[in-house]
Amino acid sequence: GENVEQHPSTLSVQEGDSAVIKCTYSDSASNYFPWYKQELGKRPQLIIDIRSNVGEKKDQRIAVTLNKTAKHFSLHITETQPEDSAVYFCAASMVQGAQKLVFGQGTRLTINP
Amino acid sequence: GAVVSQHPSWVICKSGTSVKIECRSLDFQATTMFWYRQFPKQSLMLMATSNEGSKATYEQGVEKDKFLINHASLTLSTLTVTSAHPEDSSFYICSAGQGTKRGFGPGTRLTVT
């Protein structure tokens with residue numbers, strides 16, 4: 001089955017700097033790669049996603065890149081703000097929606113003022 | 001949208017008793033529901049996948065007789081933790097999907113004393 005590895009497990013950056021979180025996946029059949037932000041005790045919230053027919057997607061300060069050949073994808077957050085502090089999870093699935101998502105281990109991001 | 005509710009939000013039970021958690025899709029009909037378990041500072045681990053009207057598919061290592069899943073309608077799935085023990089204490093999150101839609105429930109914090 002699918003296995004998703006995520007690094008780093010913790011990341012601390014100064015406010016205003018950029019943060020990058022990387023994930024690799026094992027199953028070449030995976031085609032959908034979402035990123036979730038989870039605050040303590042809350043549900044995961046989708047922040048951005050990418051499908052395998054696209055190499056990069058951007059939404060304001062957040063961007064995701066995908067290298068399907070190398071089976072890795074990354075989350076980029078620019079101009080970080082204190083409210084970006086949370087745990088971020090990458091995930092992989094065969095398709096968007098009603099297919100199981102396999103999550104990475106998570107990255108605890110701390111933005112230092 | 002893909003709004004998913006979960007009930008209860010938290011529950012405390014005594015060791016040996018059973019607890020039922022409900023997951024509802026509020027604004028769409030969920031053909032598939034997923035149940036995840038999340039221990040403190042860890043990732044979401046998929047426990048099982050259920051399709052409406054059929055038996056759930058459990059992930060390796062998850063005891064199907066201990067974690068009973070029922071998906072009797074397109075808007076409701078239940079997870080029953082039978083004969084709960086302290087090691088079952090965790091955050092349980094459901095996810096509902098249909099087509100390209102997917103939503104996560106707010107989670108249920110289970111504490112077994």
inquiry  = Just to compare against my own numbers: the Cα pair-distance distribution for the stretch B:52-92, 5 Å bins, whole % per bin, please.
reply    = 5, 20, 28, 25, 14, 7, 1
Computed log₁₀ I(q)/I(0) - Debye formula, equal Cα scatterers, no solvent, the stretch A:30-113, q 0.16, 0.20, 0.22 Å⁻¹ = -0.61, -0.93, -1.10
Within chain A, percent of DSSP bridges classed antiparallel, to nearest 5 = 90
note = The FRET efficiency for B:LYS64 and A:SER9, from their Cβ-Cβ distance with R0 = 25 Å and rounded to 0.05, is 0.20
ask   = Fewest first, what order do A:HIS72, B:HIS85 take by the number of other Cβ atoms within 10 Å?
value = B:HIS85, A:HIS72
note = Along principal axes, largest first, the alpha-carbon spread of the stretch B:70-112 in whole Å comes out as 37, 20, 11
remark   = Within 10 Å of the Cβ of an average residue in B:101-112, the count of other chain Cβ atoms is 3
ask   = Per residue Cα convex hull volume for the stretch A:1-51, in cubic angstrom?
value = 119
request  = Rank A:SER93, A:SER26, A:SER74 by mean-square fluctuation in a GNM of chain A with C-alpha springs under 10 angstrom and give only the top-ranked residue.
outcome  = A:SER26
query = Could you give the radius of gyration (one decimal) and Dmax (whole number) of the Cα atoms in the protein assembly as shown, in Å?
reply = 17.6, 51
task = Return the FRET efficiency for the residue pair B:ARG109, A:THR69: r is the Cβ-Cβ distance, R0 is 41 Å, and the value is rounded to the nearest 0.05.
result = 0.50
query = Which of the pairs A:LYS42/A:LYS100; A:LYS100/B:LYS101; A:LYS37/B:LYS41; A:LYS42/B:LYS41; B:LYS20/B:LYS64 have their Cα atoms more than 18 Å apart in this structure?
reply = A:LYS42/A:LYS100
query = With r defined as the distance between the Cβ atoms of B:LYS41 and A:ASN53 and R0 fixed at 45 Å, what FRET efficiency is calculated, to the nearest 0.05?
reply = 0.80
Quotient of Cα Rg and 2.2 N^0.38 Å for chain B, N being how many residues it contains = 0.99
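Where a number appears in this text, it was derived from the coordinates with a stated rule and is not lab data. This one's a predicted model, so the numbers in the text were calculated from it and none came from an experiment. Positions of Cβ are backbone-derived with ideal geometry, glycine not excepted, and every protein chain shown enters the neighbour counts.
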